[in-house]
Structures are given as C-alpha cells and as structure tokens.
Amino acid sequence: MGLNYGRGIGAKAARTKKCSCENPKWEVDEVRISINREAVLTLHCNTCKAFWDTKSRAAREYANLDRVPHPFKKTYREIFAETDASRVEMLEGHIKAQKHIIKEAEKEIAKTHREIDLLKGGE
C-alpha cells in the first residue's frame, strides 16, 4: 500500500492492465468501493510495475481474504460479503424498476391497440 511508482498526475496510478511479465506478481495496492457497490482492487505487478483495476468477482483470486487492508477495519472476506449484499440489493431494486417500466409500457401498448381497433371500426 502507498506505493509511489507508476503514478501519474495527481498521484493516481496509470491503470494500464498491461503486464509484460511471463509470471506477473500482482499485489493489492488500493481497495475502494465503486458507485456500483463493488469492491475494486487496484493491483500492481512487482516485476514490471503495471497497474490494473479489478472488481469484486475477479478480485477474490488476488486478495488474501483473511487480511485486513488499510484503511478498512474488516477483512477482504467481510468487505466482499458486504459489497455483494449491497450490490444484490441494488440490482434487485433495478429489476423492480425495470418491471414497473415494462408494466407501464404494456398498459400503453394495450391502450394503443384499443385505439387502433376503434379507428378500424371495431374489427
């Protein structure tokens, strides 16, 4: 954590995801929670200094799940469990909203069909 190499303007890591090593040695540099409620790990290769962001699903293979990353007070396992639960809640809300949109669209379709039938003379 807190490594300075490979950083560009504003001390932000250049997320290249390009690693020229035959055996990359990825280590976790930073952990953050995205707006989409996923844990995002910034990994760096100790050999070529490449940086890469990976989200919750793929990040599990790179993190020691029982380790507590700074500045969190929870293990990676707990962070992933919380972000997974939060993301499920968000996605279920998204499904509910989309179903409501579909229901409203179906009402509009039915209304339009009725109007077409009236205009055709009730065929």
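No lab work stands behind these numbers, since they all come straight from the coordinates. Computed from a prediction, not measured in an experiment: that's the story for all the values here. So basically every Cβ, Gly included, is an ideal-geometry build from the backbone, and we count neighbours across all protein chains shown.
Please specify each residue of the range 28-39 satisfying the condition of being surrounded by fewer than 17 Cβ atoms within 10 Å (Cβ to Cβ) and in a strand (DSSP E or B).
Residues satisfying the conditions are ARG32, ILE33.
Within the set of pairs 6+ apart or on separate chains, which have a first residue in the range 32-45 that is under 19 Å from LEU65 (Cβ atoms), a second that is assigned to a loop (DSSP other than H, G, I, E, B), and C-beta atoms under 6 Å apart?
Hits for this filter: GLU38/LYS55; VAL40/SER34; VAL40/LYS55; LEU43/TYR62.
What number of residues within the range 61-81 satisfy the criterion of being surrounded by 12 or more Cβ atoms within 10 Å (Cβ to Cβ) and of a type in the set (Asp, Glu)?
Qualifying residue count, the range 61-81: 1.
For the range 55-74, which positions are closer than 15 Å to ILE33 by Cβ and polar (S, T, N, Q)?
Scanning the range 55-74 gives a single hit, SER56.
Restricting to the range 91-107, count the residues that are under 18 Å from ARG57 (Cβ atoms) and either surrounded by 14 or more Cβ atoms within 10 Å (Cβ to Cβ) or over 14 Å from the mean Cα position of the chain (by Cα) (or both). It would help to see each step written out before you state the result.
As a first pass, look at the range 91-107 and keep what is under 18 Å from ARG57 (Cβ atoms): 91-92, 94.
Next cut, either surrounded by 14 or more Cβ atoms within 10 Å (Cβ to Cβ) or over 14 Å from the mean Cα position of the chain (by Cα) (or both) only: 92, 94.
Counting residues in the range 91-107 that are under 18 Å from ARG57 (Cβ atoms) and either surrounded by 14 or more Cβ atoms within 10 Å (Cβ to Cβ) or over 14 Å from the mean Cα position of the chain (by Cα) (or both) gives 2.
If you take the residues of the range 40-61 that are in a loop (DSSP other than H, G, I, E, B) and under 28 Å from GLU92 (Cα atoms), which of them is farthest from the chain's Cα centre (by Cα)?
GLU61
Can you find a residue that is hydroxyl-bearing (Ser, Thr, Tyr), in a helix (DSSP H, G or I) and farther than 30 Å from ASN36 by Cα anywhere in the range 109-118? Explain how you work it out, then say what you get.
Taking the range 109-118 as the starting set, the residues that turn out to be hydroxyl-bearing (Ser, Thr, Tyr) are 112.
Those left that are additionally in a helix (DSSP H, G or I): 112.
Checking which are farther than 30 Å from ASN36 by Cα leaves us with 112.
Yes.
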